[in-house]
Amino acid sequence: MVAADLAERYAHAPGVVRANMVMSIDGSTTIDGHVGPLTGAADQRVLTTLRELADVVVVGAGTVRAEGYGPLGDTPLAVVSNSGSLDPDGPLFDAGHRPWLIVPDAAHLDPRVAERVEVIRVGEQRVDLAAALDAIAARGMTRILSEGGPSLLGQLLDAGLLDELCLTLSPMLVGAAGG
């Protein structure tokens, strides 16, 4: 399948919240704390296509830390965190990248992080995901792609906020070692 075919197959309308996830056939979402070993070249092509079609990628702070997220090219990145805890020297801020950091009012941000992000405060003690998605949409970002991790995906599902799930089942048995 060529890239144009992927873009056509995965195109989605404004206002759609989509998630992309990979897991092993026994339900693990990581191997040694990383998702990469569960994926292959075809999965990476789909991931790249989904990112290109999205207006914004939403990801949990735990996934940012575990996977070493950095800038995604032209696609904005919105990081969801109840604590606001991010590494101010991490790859997330490479090349002057200024992600959105979605936190509740109770989050206390490291000043070095606060000056490098656009802060969106929604919720009191925990991030209010519905309000977060509304704030993102108000910024003109209506094709939302969540890359999780599994906690964020579960919260989106529990809140009834997910419209589409792109799930890859990796043909691996990971067992207790997987997340």
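Structure above, values below:
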| item | result |
| --- | --- |
| Residue under evaluation SER170, criteria (1) polar (S, T, N, Q); (2) over 29 Å from PRO14 (Cβ atoms); (3) open to solvent by less than 50 Å² (accessible area, probe 1.4 Å); (4) at pLDDT 95 or above, criterion not met | (4) |
| Where a residue in region 79-105 is charged (D, E, K, R) and its partner, wherever it lies, is open to solvent by 10 Å² or more (accessible area, probe 1.4 Å) and in a strand (DSSP E or B), with Cβ under 7 Å and at least six apart | ARG98/GLU118; ASP105/ARG121 |
| Top-ranked residue in region 154-165 [being out of contact with any helix residue (DSSP H, G or I) (no Cβ under 8 Å at 6 or more places or on another chain) and in a helix (DSSP H, G or I); ranked as surrounded by the fewest Cβ atoms within 10 Å (Cβ to Cβ)] | ASP158 |
| Where ALA159 falls short, out of the listed (1) in contact with a Pro (Cβ under 8 Å, 6 or more places away or on another chain); (2) modelled with pLDDT of 95 or more | (1) |
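The values are calculated or read from the model by the stated rules, or taken from the named source; none is laboratory data. Keep in mind that this is a model prediction, so the values were computed, not measured. Positions of Cβ are backbone-derived with ideal geometry, glycine not excepted, and every protein chain shown enters the neighbour counts. To get the accessible areas, we keep the full protein, side chains included, count just its heavy atoms, and leave off ligands, DNA and RNA. Shrake-Rupley method; radii C 1.70, N 1.55, O 1.52, S 1.80 Å.
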